[in-house]
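In what follows, a single structure is set out as structure tokens and then discussed.
Nothing in this text is a laboratory measurement; each read-out follows from the coordinates by a stated rule. Because the structure is predicted, anything quoted here is derived from the model rather than measured. Using ideal geometry, Cβ is built from the backbone for each residue, glycine included, and neighbour counts are taken over all protein chains shown.
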Ligand code: LLP
């Protein structure tokens with residue numbers, strides 16, 4: 001049984017010590033992904049940003065900062081967090097969607113560059129802060145992703161300024177003396193083929209020819225990871241020989257001095273570094289199906305319910321049992337609350353511990369306390385293999401107290 005990159009005994013020990021549900025993250029895997037990607041970005045002046053929406057637990061952000069990465073932040077909350085954690089504002093791109101005037105002011109005060117994806121916002125920015133440096137997000141009219149919900153380019157996408165409206169961007173910039181120092185695009189998430197990544201990159205490079213004083217081009221994130229056993233990892237050699245090589249030629253020929261190329265992956269750095277541990281609370285056989293019910297649910301890992309996403313599930317307690325077919329379901333009162341359907345897993349018994357793999361991206365960051373189930377605990381595995389609990393799971397009683405206090409109700413009885 002592969003529980004890459006974790007040792008099953010360590011996971012079992014963590015579940016015993018900290019209870020379930022618990023997310024576990026492996027620092028060494030994050031570092032490995034960063035190093036791997038850097039190794040294939042040779043010969044271009046590159047800056048990696050981390051799309052923190054994938055996972056914003058503080059130790060992970062510390063790793064990113066220490067590794068010299070900047071940040072793609074998309075909300076005032078994300079921005080506040082990374083400023084407090086010591087990221088250099090010069091290396092933060094603020095890409096909030098449907099930005100408000102208040103957010104815009106906040107970003108200016110913080111000294112971060114804004115990434116603007118709407119003509120009307122660019123106009124308001126110019127009218128309020130003429131003369132500012134700004135990045136413009138284009139929609140290259142190419143989109144891709146592992147599910148329709150994560151495609152962020154193309155005609156149906158709300159993101160970015162359609163590339164054919166670039167003339168209007170330049171007009172507005174000229175009118176308000178805005179300096180377009182960056183061009184950005186992000187076409188979607190979970191992309192495993194370099195051809196698609198390249199077709200979009202080609203559009204932004206072409207567009208960048210019409211902008212004179214660029215400091216950076218940001219080709220976005222979107223790099224996929226293999227979740228299913230039959231999926232192959234992104235071919236980084238092909239990535240380097242097509243996309244990186246073309247970018248290298250482009251940078252050499254662009255008139256802007258010191259032009260930097262940015263990538264901003266989220267999933268690629270963190271997905272495989274995380275696992276969600278849970279205990280089987282119920283085995284139920286009906287006429288046609290066997291359900292394995294867990295002590296966690298869609299509130300803690302929404303991806304299967306939201307995107308029909310595949311996460312490999314391992315039986316840590318009985319890894320060598322005879323495989324049986326299960327619907328692995330959660331403890332939330334929704335029929336969308338499942339982790340796997342018709343999945344063969346070594347026979348599960350009530351009380352067994354399971355590991356739901358590749359849950360380090362868009363797991364905890366996409367979680368909720370729906371049905372008033374407190375969030376999982378989180379454990380961080382340091383590079384020397386030592387686990388450290390970094391976030392406690394609240395008991396139901398603590399959770400109810402915190403909830404009441406949010407409403408200013410400090411006593412339970414009214
Ligand atoms: N940059 C921008 C502007 C983004 O909107 C995103 C993700 C990224 C970068 C990072 O994309 P990545 O490298 O992680 O693919 N919840 C979905 C993914 C939604 C991604 C949203 N934007 C999932 O669990 O599959």
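Once the piece of chain linking residue 195 and residue 398 is laid out straight, how much longer is it, given 0.36 nm per residue of separation minus the C-alpha distance between them?
68.1 nm
If a/c stays under 1.5 just call it rounded; otherwise compare a/b with b/c (prolate if a/b is bigger, oblate if not). Do that for the stretch 6-94, with a ≥ b ≥ c from the square roots of the Cα gyration tensor eigenvalues.
Here the stretch 6-94 falls in the oblate category.
So, in Å, what gap is there between the alpha-carbon centers of the stretch 276-290 and the stretch 33-55?
When both Cα centres are located, 40 Å separates them.
Given a Förster radius of 51 Å and the C-beta distance between residue 284 and residue 210 as r, what FRET efficiency does 1/(1 + (r/R0)^6) yield to the nearest 0.05?
Once rounded, the FRET efficiency stands at 0.25.
Let me know the shape class of the chain, please: from the alpha-carbon gyration tensor, a ≥ b ≥ c as square roots of the eigenvalues, rounded when a/c is under 1.5, otherwise prolate if a/b is greater than b/c, or oblate.
Verdict is prolate for the chain.
Measuring from label point to label point, each 7 Å out along Cα→Cβ, what is the residue 109 to residue 368 span in nm?
Once both label points are built, they end up 3.0 nm from each other.
I'd like the orientation of helix 166-176 relative to the chain: the angle between its Cα long axis and the longest Cα principal axis, in ° from 0 to 90, rounded to 10.
Between the helix axis and the principal axis of the chain, the angle is about 70 degrees.
For the chain, take the longest principal axis of its alpha carbons; what is the angle in degrees between that and the long axis of helix 101-110, to the nearest 10 within 0 to 90?
With rounding to tens, the tilt is 80 degrees.
Sorting 328, 251, 46 on the 10 Å Cβ count, fewest up front, what's the list?
Fewest-to-most ranking of 328, 251, 46: 46, 251, 328.
Using label points projected 7 Å from each Cα along Cα→Cβ, tell me how many nm separate residue 336 and residue 80, to one decimal.
According to this spin-label approximation, the distance is 2.8 nm.
Set the Förster distance to 41 Å, then compute FRET efficiency between residue 119 and residue 253 from the Cβ-Cβ distance, nearest 0.05.
With R0 = 41 Å, the Cβ-Cβ based efficiency is 0.90.
Among DSSP beta bridges whose residues both lie in the stretch 129-191, state the antiparallel percentage, nearest 5.
In the stretch 129-191, approximately 10 percent of DSSP beta bridges are antiparallel ones.
Place the peptides 396-405, 272-281 in order of packing, highest mean first, counting for every residue the other Cβ atoms within 10 Å and averaging per peptide.
272-281, 396-405
Could you tell me how many degrees, from 0 to 90 and to the nearest 10, lie between the Cα long axis of helix 396-406 and the main elongation axis, the longest principal axis, of the Cα atoms of the chain?
That works out to roughly 40 degrees.
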